[in-house]
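Here is the structure we will look at, set down as C-alpha cells.
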Amino acid sequence: MMDEASLVAAARNDPDAFARLYERTVEGVYRLAVSLTGDHCQAEDVTSETFRRALAKLSTYEDRGRPFSAWLFTIARNITRDGARKEGREIPLFDRDVAGDNCSGDEMARAEDASFVRTLVRRLSPAQQRVVVLHYGHDWSYQHVGERIGKSEAAVKQIAYRALQNLRCWAEEAER
C-alpha cells in the first residue's frame, strides 16, 4: 500500500491514484461538510465540489507535513464559506408575509404582531437581519449562524445584541 505522499505524487498523472485518494478521504470530507452546512444534500454538493477543485488544482498542492485531507478540508471550508456568503444575501426574511383571510381574532392579532416585528426587522442592517432571522426565526445556534454567514460565534452574538437593542428601541418608539 502506497503512503499518502507517494499516492498524491502518482495522482498528478494517474486517475486511479486519485481515485484511491478519494476513497481514503471522501468520508472525512463529507462528515466535515455535514457539520459545516447542517444539510446532507448541501454536504454532498460541497464534497463533490471539493474533489473537483482538488483534482483541478492537484498540481499546485505542496506537502507541508500535514495530511492531504487537511488540504481537502480547507477547500471544503472555503466552498462552504463562499456559499454561505452568497446565500446569506438571499435569505428570505420570513416564510409568510400575510395572514389568510379566514383568521380568528387571536390569529389576526398574532398576524398583526408578526407584521409589526417584520417591519422592525426590515429596518435592521442586512447582517443584523440575517442573524435575527437565522438565530431567532430558524432557531439556529450562534455557531451555526456564524458558519453560514462566515463570521465567528462571538461576532454573531455581538450582531444579535445590537440588533435586539435596535428592535427594542424602535418598538418603544412605536408604542409612544
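The values are calculated or read from the model by the stated rules, or taken from the named source; none is laboratory data. Since the structure is predicted, the reported quantities are computational estimates derived from the model, not experimental observations. We place every Cβ from the backbone using ideal geometry, glycine too, and count neighbours over all the protein chains shown.
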Exercise for the section: Check PHE94, PHE51 and return the single one that is among the aromatic types (Phe, Trp, Tyr) and at pLDDT below 70. Expected result: PHE94
Fill in the blank from the handout: Checked pairs for segment 5-21, first within 15 Å of PRO67 (Cβ to Cβ), second among the aromatic types (Phe, Trp, Tyr), C-beta under 7 Å and 6 or more apart or across chains, list as VAL8/TYR61; VAL8/PHE68; ALA11/PHE18; LEU21/PHE68
Fill in the blank from the handout: In segment 138-166, anything out of contact with any Asp or Glu (no Cβ under 8 Å at 6 or more places or on another chain), surrounded by fewer than 18 Cβ atoms within 10 Å (Cβ to Cβ) and of a type outside the set (Ser, Thr, Tyr) is listed as HIS138, ASP139, GLY150, GLU153, ALA154, ALA155, LYS157, GLN158, ARG162, LEU164, GLN165, ASN166
Fill in the blank from the handout: Among ARG168, ARG148, ARG162, the single one that is touching a Gly at 6+ places or on another chain (Cβ under 8 Å) and basic (Lys, Arg) is ARG148
Problem - Selection count, segment 22-47, where residues are within 11 Å of the chain's Cα centre (by Cα) and among the charged types (D, E, K, R) - result: 1
Problem - Scope segment 39-65; condition in a loop (DSSP other than H, G, I, E, B) and exposed (fewer than 15 other Cβ atoms within 10 Å of the Cβ); matching residues - result: ASP39, GLU62, ASP63, ARG64, GLY65
